[in-house]
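Everything below concerns the one structure shown next.
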Amino acid sequence: MLPSDLLSHRHNGETIVPKRLAINSNLGLATELINCFQSLTGNCMGELDRRLQELEGDSPDFRVRRGLAHILKSAFSTFEIVSPLEPPMLRQRVFAQAATVVPSSQATEKTLAMLADTLSGELNREVLPVHIREGLYADLPENRILTQFDAPEPEALLHRYNIAQVQGIFYRATQIILNAHRNVPGEYKLLFRYLKLFQLMAYIEGDADHGFTITVDGPTSLLKVSTRYGLALAKLLPALLHVTRWSMHATLQTRDFYTGEPKTGRFSLDSDCGLVSHYPPGKPYDSMLEASFANRWEKLKTEWVLEREVDLIPIPGSVMVPDFRLVHPDGRVFLLEIVGYWRPEYLQKKFAQVRKAECDNLILAVSERLNLEKAGVNIRKTPARIVWFKDKLSPKAVLELLDGGDRSSCSK
């Protein structure tokens with residue numbers, strides 16, 4: 001993302017409009033900057049910055065250029081400290097030697113060359129004097145070496161810049177309201193996963209048939225404004241772009257340009273915004289356990305059809321997305337959730353969700369390796385059919401339960 005000094009936006013009444021670059025008319029600029037980074041791979045950051053400054057000149061669009069360069073540095077470049085020894089240790093040894101040399105007002109390159117040669121001798125000439133001199137301050141930012149540059153396509157860089165400008169709006173958000181409308185459940189699950197990953201405070205209402213309303217508190221709604229939380233909120237935007245139909249409205253805390261007094265700003269966005277996400281789409285399966293179960297199910301001779309993440313169970317303030325749905329031609333439908341994760345907090349939350357869901361067609365596949373008692377989970381009070389498994393979840397054990405077996409089955 002971009003630092004605040006590289007963000008550009010304008011006000012239209014209370015509405016804030018972030019700057020966005022037209023893709024086709026800025027391809028040349030993006031290509032020029034990408035080529036600059038490619039040509040200077042193997043050079044230090046200081047040399048790269050000097051070259052970027054030359055390209056910038058007195059151009060009036062310097063903030064755009066610096067913004068694009070910032071994204072190339074932070075997202076596509078690897079800068080490393082190249083030194084024969086850790087620079088602090090190297091400086092300590094060189095300075096210790098320098099203390100034994102008679103002080104001179106002309107202590108210069110010649111003196112440093114002598115000290116580097118002496119230290120090289122102490123290291124049995126395994127490190128050349130020139131490398132000692134180069135590594136002495138190699139840990140300073142301007143001396144770090146651009147060792148790898150994964151050049152993006154020019155279009156991808158411009159799309160990344162446009163997203164970053166919109167993300168900057170959320171640094172000062174007090175509240176965001178998302179409305180997701182009748183989407184594929186897998187898209188919802190990816191969005192909910194990112195909400196959890198970025199530790200955002202969200203309240204979820206609705207259902208899969210009518211859509212969900214997600215209320216997310218912003219960093220300025222906290223007792224103390226948190227920059228870290230604002231960044232986490234901004235990181236949610238690329239995940240939201242993977243949802244097909246949605247709209248979003250944000251309330252912002254800004255300051256008047258002339259008086260500096262606080263005032264309220266507004267920002268809206270929807271799924272027709274034209275932004276392109278750089279986050280990867282959701283994986284087909286969350287774990288090897290799920291993938292293995294699905295692959296083994298395909299080999300069964302059964303009328304039950306296994307579907308991936310196609311149903312959602314609303315619960316107060318949140319939502320549960322079962323891993324699979326099992327559908328029979330006669331109309332019977334069951335939902336299957338695999339519980340194989342061991343952390344006590346996860347288990348407590350998962351079983352609390354199951355109790356709140358009050359779903360009478362839910363099957364839980366529970367690993368025997370989980371210490372449910374230690375996690376404070378009473379499996380007897382769980383209103384769901386249970387399938388136990390040890391290493392792999394057996395499709396046959398699930399099938400037996402579906403075809404009229406007991407409410408509890410075992411799979412080895």
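The values are calculated or read from the model by the stated rules, or taken from the named source; none is laboratory data. No experiment lies behind these values; they were computed from the predicted model shown. Every residue, glycine among them, receives a Cβ derived from its backbone with ideal geometry; neighbour counts consider all protein chains shown.
Only one of (1) over 21 Å from L48 (Cα atoms); (2) modelled with pLDDT of 90 or more fails for L112. Which number is that?
Of the numbered conditions (1) over 21 Å from L48 (Cα atoms); (2) modelled with pLDDT of 90 or more, the odd one out for L112 is (2).
Scanning for something at pLDDT below 95, under 30 Å from I132 (Cβ atoms) and small (G, A, S), does segment 69-89 turn up at least one residue?
Within segment 69-89, one or more residues are at pLDDT below 95, under 30 Å from I132 (Cβ atoms) and small (G, A, S).
Using the structure shown, decide if G260 is assigned by TED's automatic domain parsing to the domain that holds L158 and free of Cβ contacts under 8 Å to residues at least 60 places away in the same chain.
Against the criterion (assigned by TED's automatic domain parsing to the domain that holds L158 and free of Cβ contacts under 8 Å to residues at least 60 places away in the same chain), G260 qualifies.
Which ones in segment 290-310 are in a helix (DSSP H, G or I) and among the polar types (S, T, N, Q)? Steps first, answer last, please.
Within segment 290-310, the first condition is being in a helix (DSSP H, G or I), and the residues that meet it are 290-297.
The answer is S292, N295.
In segment 237-264, what count of residues is obtained for those that are part of a loop (DSSP other than H, G, I, E, B) and surrounded by 13 or more Cβ atoms within 10 Å (Cβ to Cβ)? Explain how you work it out, then say what you get.
First pass over segment 237-264, keeping only residues part of a loop (DSSP other than H, G, I, E, B): 241-245, 256-261.
The next check asks that each one be surrounded by 13 or more Cβ atoms within 10 Å (Cβ to Cβ); those that pass are 241-243, 245.
So the count comes out to 4.
Which residues, counting only those in segment 48-64, are more than 13 Å from Q165 (Cα to Cα) and not in a loop (DSSP other than H, G, I, E, B)?
L48, D49, R50, R51, L52, Q53, E54, L55, E56, F62, listed by residue number.
Name the single residue that is surrounded by the fewest Cβ atoms within 10 Å (Cβ to Cβ) among those in segment 131-183 being over 20 Å from the mean Cα position of the chain (by Cα) and of a type in the set (F, W, Y).
Among residues in segment 131-183 that are over 20 Å from the mean Cα position of the chain (by Cα) and of a type in the set (F, W, Y), the one surrounded by the fewest Cβ atoms within 10 Å (Cβ to Cβ) is Y137.
With respect to F198, determine if the residue is hydrophobic (A, V, I, L, M, F, W, C) and touching a strand residue (DSSP E or B) at 6+ places or on another chain (Cβ under 8 Å).
no
Starting from residues that are more than 25 Å from T78 (Cβ to Cβ) and charged (D, E, K, R), keep the ones in segment 17-60 and report whichever is surrounded by the fewest Cβ atoms within 10 Å (Cβ to Cβ).
Across segment 17-60, the extreme among qualifying residues is D58.
Within segment 148-189, which residues are of a type in the set (G, A, S) and out of contact with any Asp or Glu (no Cβ under 6 Å at 6 or more places or on another chain)?
Within segment 148-189, A151, A156, A164, G168, A173, A180 meet the criteria.
Does E80 satisfy the criteria of being loosely packed, with under 13 Cβ neighbours inside 10 Å and not polar (S, T, N, Q)?
When the stated conditions are applied, E80 passes them.
For the condition among the hydroxyl-bearing types (S, T, Y), in a helix (DSSP H, G or I) and at pLDDT below 80, what is the one hit in Y188, Y171, Y161?
Y188
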